[in-house]
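Colleague: After the structure tokens below, expect a handful of questions from me.
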Amino acid sequence: MSLYIMYFNLKDSENKKEFVKKTRDWVRYIKGKVEGLGPMKLYRHHAFGANQRTYQMHVEFRDFSTWDRFFILHDKDVKAGRFMRDWQGLIDMNTHYDEFIREIPL
């Protein structure tokens, strides 16, 4: 199992409640549509750095093929693609960064 973590700031002009609603709509729509995709979780930082609108999105996935299937879904399913683009439109993409991590069993 691997984990994709996206760190980002919400755009200053965007409403937090609307952001959470759009996130919920998108996550509920794609749930169960991508083989190997685990839960998607949203976290908000408090008292972290200069920007008080910092978030993390965690997505569990079985392998990198799951990641490919995730993007294929958003390319082929018009509604899924629109949900993701709308969601990304609320994020300051100039300050975001991504990381992929894999657990090392001990």
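Colleague: Evaluate the distance, in nm, between pseudo-label points positioned 7 Å from the Cα of residue 21 and of residue 46 along their respective Cα→Cβ axes.
Modeller: According to this spin-label approximation, the distance is 2.4 nm.
Colleague: Step through the residues of the range 70-82 one at a time and calculate ³J(HN,Hα) from phi using the Karplus curve (6.51 cos²θ - 1.76 cosθ + 1.60, θ = phi - 60°), rounding each to whole Hz and writing x for Gly and Pro.
Modeller: Calculated HN-Hα couplings, in order: 4, 6, 4, 4, 6, 7, 8, 9, 4, 5, 4, x, 5 Hz.
Colleague: Measuring from a point 7 Å past the Cα of residue 94 along Cα-to-C-beta, which residues in the range 13-48 have an amide N at less than 16 Å?
Modeller: 13-14
Colleague: Per-residue ellipticity at 222 nm for the chain, helices alone: DSSP H runs ≥ 4 residues times -39500 (n - 2.57), over residue total, nearest 500 deg cm²/dmol?
Modeller: Using -39500 (n - 2.57) per qualifying helix, the result is -11500 deg cm²/dmol.
Colleague: What aspartates and glutamates could a cross-link reach from residue 17, if we take a straight Cα to Cα line under 14 Å and drop same-chain neighbours fewer than 8 places away?
Modeller: 25
Colleague: If you work out Rg/Rh (Cα atoms, Kirkwood Rh) from the coordinates, which of [x] 1.27; [y] 0.97; [z] 1.24 do you get?
Modeller: The value computed from this structure is option [y].
Only the coordinates and a few stated rules stand behind these numbers; no lab work does. Every value quoted in this text rests on a predicted model; they were computed, and no experiment measured them. Using ideal geometry, Cβ is built from the backbone for each residue, glycine included, and neighbour counts are taken over all protein chains shown.
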